[in-house]
Amino acid sequence: MRLIGHHDLARAWERTFRRAGLVLRMSEGFRPKPRMVFASALSMGVIGADEALDVELAEPRSAEEIAATLAVQLPEGLTVKAVEALPQDAPKPRVERVMYELSVPAERQPAVAERLRSSPVALRRPLAPQADAGGSPLGPQSAEAAQRAIPSADGRDATAFVEQIELADGMLRFTSRVTPEGTTRPRELLAWLGIADLDEQGLYLTRTAVELAT
């Protein structure tokens, strides 16, 4: 399922609702579409462990009934973790931040930890100490390192929206803000860390959480 593009994933959900007998409210206009909004599109190849989907039904159903009905019809690889009924005037979902994690092989961890030592992220916002490949805290970063940008392929700072990043217990974890100006491109960050090739070894990037504005 991680290799299905965003539009195909949306169609899979639309068909699942149809098979489950849950009629979606349609938009108006010349080409009506189901009122279905993903809080944040998931990049192809990335696993989504806690995604958010906002839909409008044509007729009222309880959250429990929706969850049970969808569970029977979902294709392999898609699951429903929870269903919450919202009032009709509820605002559209707005994402504030997203969290990712990736397992890093032991032989690659020292190089990743060394890269993290030069990251300016920790000085943008107070964080707990980062950890190196062995799990010990990294030393304080210099002011010179704090001013150094991490360029992406087109010259942008790949960490511009990263709030926190750490390597601990063999797992790389990072949190990124989502703003009108943009958000982190995870693969650019992984490329700077020198581990963009790990998916070829069956180690896939997972988006562990999508945090919505309250």
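The values are calculated or read from the model by the stated rules, or taken from the named source; none is laboratory data. Not measured: the values here are computed from a predicted model. No Cβ is skipped: glycine too gets one built from the backbone with ideal geometry, and neighbour counts run over all protein chains shown.
Just a few scattered comments:
- Apart from one condition, Arg177 fits all of (1) part of a helix (DSSP H, G or I); (2) at pLDDT 90 or above; (3) surrounded by 15 or more Cβ atoms within 10 Å (Cβ to Cβ); the exception is (1).
- Given (1) exposed (fewer than 15 other Cβ atoms within 10 Å of the Cβ); (2) under 26 Å from Ala168 (Cβ atoms); (3) under 17 Å from the mean Cα position of the chain (by Cα), index of the condition Ser103 fails: (1)
- Residue that is farthest from Asp199 (Cα to Cα) [pool: residues in the stretch 10-48 that are surrounded by 13 or more Cβ atoms within 10 Å (Cβ to Cβ) and hydroxyl-bearing (Ser, Thr, Tyr)]: Thr16
- Of Ala12, Ala41, Ala71, Ala90, all but one fail to be part of a loop (DSSP other than H, G, I, E, B) and out of contact with any strand residue (DSSP E or B) (no Cβ under 9 Å at 6 or more places or on another chain); the exception is Ala41.
- Looking at Val80, Val112, just one residue is outside any loop (DSSP other than H, G, I, E, B), surrounded by 11 or more Cβ atoms within 10 Å (Cβ to Cβ) and either assigned by TED's automatic domain parsing to the domain that holds Thr159 or without any contact (Cβ under 8 Å) to a residue 24 or more places away in the chain (or both), and that residue is Val112.
- Selection from the stretch 39-60 of residues that are over 18 Å from the mean Cα position of the chain (by Cα) and either on the phi > 0 side of the Ramachandran plot or touching a residue at least 24 places away in the same chain (Cβ under 8 Å) (or both): Val55, Glu56, Leu57, Ala58, Glu59
- Residue within the stretch 82-102 that is touching a Pro at 6+ places or on another chain (Cβ under 8 Å) and within 20 Å of Arg177 (Cα to Cα) present: yes
- Looking across the stretch 15-38, the residues that are part of a helix (DSSP H, G or I) and touching a residue at least 40 places away in the same chain (Cβ under 8 Å) come down to Thr16, Phe17, Arg19.
- Within the stretch 115-130, considering residues that are surrounded by fewer than 19 Cβ atoms within 10 Å (Cβ to Cβ) and not in a loop (DSSP other than H, G, I, E, B), the one modelled with the highest pLDDT: Arg115
- Some residue of the stretch 195-214 being of a type in the set (Lys, Arg), within 14 Å of Ser103 (Cα to Cα) and crowded, with 17+ Cβ neighbours inside 10 Å: yes
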